[in-house]
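See below for the structure under consideration.
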Amino acid sequence: MARIKKGRDISGIIVLNKPLGLSSNQVLQKIKWLLGAKKAGHTGALDPMASGVLPLCFGDATKFSQILLDSTKGYITTCKLGEIRSTGDQDGEVVATAPIPEFDADSIETILKKFRGLITQVPPMYSALKHEGRPLYELARQGVELDLKALKQREVTIHSLKLLAIRKDLGEIDLEVVCSKGTYIRSLVEDIGNEVGCGAYVSMLHRNQAGPFSEAQMIDYQTLLDLEDDYPQVSERHRVMDEMLIHSSEAIPDWPKIELTLHEGHKILHGQRVKTSFPLTPQVQLWVNSPDGVVFVGVGDITDNGTLIPKRVFQVTLPE
């Protein structure tokens, strides 16, 4: 017999300020429980030592998880010069040290220019990428050595790379990075450290952007944890948390909105194509005019002959 999933059929997004020291999945599972949600997913893991913007998707909003995973990300990071660590961050063991050469804002800016735009990057061994079905971090812990440059080297895009601060006495520089999916800030910092001539590792990492979501929309993890004590009655806690949810459509704010009739909406929810007069558009939001108001029912594509093809539809009940 199939296992029946428990939980509420809710839909929406919480932009969490992930705290230090916890994995993305740990905070996801806790918030899922607090919210009583049946289905949940995050949109790109942050390392335990990293903090900041972590969109959590619930219910139908999980259908946008991959879109958010593929979106542009923004980070603030501190590069600690003069040391190379096994994991590329402060949690790793020191594997090499070197004296820090003289540097200033101009010399760092000259180096940063080399890392803007399309670059080639080798991901760190301590990462979730897989080799022959096994995570690299698992192999690293077993002492397995791989030629990552030959096996996993790839191109990523650094849209913006800004120098924010220099602390010469501490051998630190702060950077702001806006990058494409798949970019490893630890690898970027190590490469910059090599250009400086002494190596470097990430001593602080904070994500300030994930796709359309920013720090302004974040809710602190502790704020959500406190709701368990503030609202011991579960139904009341759920009501309060439901009001915190961001509408699923906010995950794709740039997609054009198409309004459909109730009849067309029923066809879309059954996976049927609809003939429209709209021009060719590869990605559109689908909204249905119903007696209860305009309802978001999914997303689709419009072909060059005006045919609307549903791609992802939600568990929505429309009036007949």
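Within region 72-86, work out how many residues are at pLDDT 95 or above and either among the acidic types (D, E) or not in a strand (DSSP E or B) (or both).
Matching residues across region 72-86 total 3.
Given the criteria crowded, with 17+ Cβ neighbours inside 10 Å, farther than 30 Å from H238 by Cα and touching a residue at least 40 places away in the same chain (Cβ under 8 Å), does R85 qualify?
Numbers: crowded, with 17+ Cβ neighbours inside 10 Å: yes; farther than 30 Å from H238 by Cα: yes; touching a residue at least 40 places away in the same chain (Cβ under 8 Å): yes.
Spelling it out, R85 is indeed crowded, with 17+ Cβ neighbours inside 10 Å, farther than 30 Å from H238 by Cα and touching a residue at least 40 places away in the same chain (Cβ under 8 Å).
Are there any pairs with C-beta distances below 8 angstrom linking a residue in region 267-293 that is under 12 Å from N305 (Cβ atoms) and free of Cβ contacts under 8 Å to residues at least 60 places away in the same chain to a residue that is in a loop (DSSP other than H, G, I, E, B) and charged (D, E, K, R), with the two at least 6 apart or on different chains, and if so which?
These pairs meet every condition: L280/D304.
Within region 71-79, can one find any residue that is more than 23 Å from S160 (Cα to Cα) and of a type in the set (A, V, I, L, M, F, W, C)? Outline the logic, then answer.
Going through region 71-79, the residues more than 23 Å from S160 (Cα to Cα) turn out to be none.
Looking for residues that are more than 23 Å from S160 (Cα to Cα) and of a type in the set (A, V, I, L, M, F, W, C), one finds none in region 71-79, hence no.
Does I14 satisfy the criteria of being in a loop (DSSP other than H, G, I, E, B) and either farther than 30 Å from I192 by Cβ or at pLDDT 90 or above (or both)? Steps first, answer last, please.
Details: in a loop (DSSP other than H, G, I, E, B): no; either farther than 30 Å from I192 by Cβ or at pLDDT 90 or above (or both): yes.
Considered against the rule, which asks whether it is in a loop (DSSP other than H, G, I, E, B) and either farther than 30 Å from I192 by Cβ or at pLDDT 90 or above (or both), I14 comes out as no.
Matching residues to (1) touching an Asp or Glu at 6+ places or on another chain (Cβ under 9 Å); (2) surrounded by 14 or more Cβ atoms within 10 Å (Cβ to Cβ); (3) modelled with pLDDT of 95 or more; (4) over 19 Å from V53 (Cβ atoms):
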residue: R154; (1), (2), (3), (4): no, no, no, yes
residue: S187; (1), (2), (3), (4): no, yes, no, yes
residue: G199; (1), (2), (3), (4): yes, yes, yes, yes
residue: V202; (1), (2), (3), (4): yes, yes, yes, no
residue: L205; (1), (2), (3), (4): yes, yes, yes, no
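Can you confirm whether I158 is touching a Phe, Trp or Tyr at 6+ places or on another chain (Cβ under 7 Å), modelled with pLDDT of 95 or more and surrounded by 11 or more Cβ atoms within 10 Å (Cβ to Cβ)? Step through it out loud before you land on a result.
Details: touching a Phe, Trp or Tyr at 6+ places or on another chain (Cβ under 7 Å): yes; modelled with pLDDT of 95 or more: yes; surrounded by 11 or more Cβ atoms within 10 Å (Cβ to Cβ): yes.
Yes.
Checking V316 against (1) surrounded by 18 or more Cβ atoms within 10 Å (Cβ to Cβ); (2) within 32 Å of the chain's Cα centre (by Cα), only one condition comes out false. Which one?
(1)
Within the bounds of region 57-79, is there any residue that is more than 21 Å from the chain's Cα centre (by Cα) and within 20 Å of N208 (Cβ to Cβ)? First the steps, then the outcome.
Pass one, region 57-79, residues more than 21 Å from the chain's Cα centre (by Cα): 79.
Subsequent filtering for residues that are within 20 Å of N208 (Cβ to Cβ) retains 79.
Among the residues of region 57-79, at least one is more than 21 Å from the chain's Cα centre (by Cα) and within 20 Å of N208 (Cβ to Cβ), which makes the answer yes.
Being out of contact with any Gly (no Cβ under 9 Å at 6 or more places or on another chain), among the hydrophobic types (A, V, I, L, M, F, W, C) and in a helix (DSSP H, G or I) is the filter here, so list the residues in region 256-282 that pass it.
The answer is L262, and nothing else.
Return yes or no: is S277 assigned by TED's automatic domain parsing to the domain that holds F64, more than 21 Å from the chain's Cα centre (by Cα) and either closer than 22 Å to G59 by Cα or of a type in the set (S, T, Y) (or both)?
Working: assigned by TED's automatic domain parsing to the domain that holds F64: no; more than 21 Å from the chain's Cα centre (by Cα): yes; either closer than 22 Å to G59 by Cα or of a type in the set (S, T, Y) (or both): yes.
For S277, the condition - assigned by TED's automatic domain parsing to the domain that holds F64, more than 21 Å from the chain's Cα centre (by Cα) and either closer than 22 Å to G59 by Cα or of a type in the set (S, T, Y) (or both) - is not met.
If I ask for residues that are of a type in the set (K, R) and in a helix (DSSP H, G or I), which ones from region 22-68 would you list? Show your work before the answer.
Here is the first cut: in region 22-68, the residues of a type in the set (K, R) are 30, 32, 38-39, 63.
Selection gives K30, K32, K63.
Considering only residues that are touching a Gly at 6+ places or on another chain (Cβ under 7 Å), farther than 30 Å from L188 by Cα and not in a helix (DSSP H, G or I), which ones fall in region 204-255?
Within region 204-255, L245, I246, H247 meet the criteria.
Would you pick out the residues in region 161-173 that are surrounded by fewer than 16 Cβ atoms within 10 Å (Cβ to Cβ) and either touching a Leu at 6+ places or on another chain (Cβ under 7 Å) or over 19 Å from G199 (Cβ atoms) (or both)?
Within region 161-173, K162, L163, L164, A165 qualify.
Have a look at Q222, Q233, Q217 and point out the one that is within 17 Å of the chain's Cα centre (by Cα) and either assigned by TED's automatic domain parsing to the domain that holds A50 or of a type in the set (D, E, K, R) (or both).
Details: Q222 fails: within 17 Å of the chain's Cα centre (by Cα); Q233 fails: within 17 Å of the chain's Cα centre (by Cα).
Result: Q217 is the single residue among Q222, Q233, Q217 that is within 17 Å of the chain's Cα centre (by Cα) and either assigned by TED's automatic domain parsing to the domain that holds A50 or of a type in the set (D, E, K, R) (or both).
The values are calculated or read from the model by the stated rules, or taken from the named source; none is laboratory data. Since the structure is predicted, the reported quantities are computational estimates derived from the model, not experimental observations. Every residue, glycine among them, receives a Cβ derived from its backbone with ideal geometry; neighbour counts consider all protein chains shown.
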